[in-house]
């Protein structure tokens, strides 16, 4: 019962450990809260190319730190979000975007799931129609029905 | 016909398995660079060897050259380092170095310990030029043609196989284009 008690301080330590919280939180000095907000937003839109599957906000890699610094400089310099995204894409490709643009190369990516869903509905419709027809044709023929009725009738008599 | 329909899910499953199998063989770390076939991002930096001297992309000078991004803290750079020297010795391919996010002293020590196959080394302490070149994993090697366009990018340590089968033939071809 009390064997897990010593674990509590350990878990507390884990929850507040620097690795959980510190990544991506560089000191910023934006004059306006809107700029800070744009900065935070962009951090989550952009992928770190070193530790893939982490955004710039999550990653503690050297390159992510540099890119965050670059991002801050550009926001300070008054670049728009689109300009900053273009800047990143021209260097690292669409791979840096967590939401790749809708272009011929990504049609399959964007539309594919809906096509599959549509195919699923078609398959569902076809199979359900097929099974309904199935019950209609494999019904008991009339001779068997009469025989059953006779048997049941006889049963009643007895 | 009806029977065949029952085989359809299995067929789809096998197809999915095939895609997954191909996916297993791909290297997710290889991000295609948008810079290939684009003009080189121009830069000018202090030389590692002599901070007073400025070196940069202007030095490529209409020649077919290689640019290698390396650092003393990069372990796999050591792996390919001897090959770079062998390549310049045997085939006379000029190779330029971009020392990426490194302290000057560490970079110089590295060159003293392992040799210096580079024409010059640019010192990119802050990694700004690295960002312009889309560097995300050292070592990286770029092949640049006579018109100053990037024609090929290799991420990770070069192997002798790679050099002989990809890099050198490309350099040959680009040289004949320039002539």
Nearest 10 degrees, 0 to 90: helix B:2-25 Cα axis against chain B principal axis
10 degrees
What's the angle, to the nearest 10 degrees (0 to 90), between helix B:104-114's Cα axis and the longest principal axis of chain B?
80 degrees
Two-decimal Rg to Rh for the protein assembly as shown - Kirkwood Rh, Cα set
1.24
For chain B, modelled as a GNM with alpha-carbon contacts under 10 angstrom, which of B:35, B:12, B:108 fluctuates the most?
B:12
Whole-angstrom gap from segment B:31-61 to segment A:65-116, using each part's C-alpha centre:
25 Å
Most fluctuating residue given options B:158, B:125, B:26, as computed from a GNM of chain B linking Cα atoms under 10 Å
B:26
For residues of B:33-44, the mean tally of beta carbons on other chains within 10 Å
2
Could you sort the peptides B:159-167, A:51-59 by per-residue average Cβ neighbour count (10 Å cutoff), highest mean leading?
A:51-59, B:159-167
Between the helical axis of B:75-91 and the dominant principal axis of chain B, each derived from Cα atoms, what acute angle in degrees is found, rounded to the nearest 10?
70 degrees
Quick calc: nm separation of the 7 Å Cα→Cβ label points for residue A:52 and residue B:176 -> 3.5 nm
Calculated from DSSP H runs of 4 or more alone, at -39500 (n - 2.57) each and per residue, what is the 222 nm mean residue ellipticity of chain B, nearest 500?
-12000 deg cm²/dmol
Share, in percent, of DSSP beta bridges within the protein assembly as shown that are antiparallel, nearest 5
65 percent
Does anything in segment B:21-63 have its amide N under 18 Å from the 7 Å Cα→Cβ label point of residue B:114, and if so which residues?
B:48-49
So what's segment B:32-178 giving for Rg/Rh, alpha carbon basis, Kirkwood Rh from the mean inverse pair distance?
0.92
Mean Cα-pair separation over length for segment B:72-152, i.e. relative contact order, pairs under 8 Å, 6 or more apart, %
31 percent
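Rule-based calculations on the coordinates, nothing more; no lab input. Everything numeric here is computed off the predicted structure, so don't read it as measured data. Ideal geometry is used to build each Cβ from the backbone, glycine not excepted, and the neighbour counts take in all protein chains shown.
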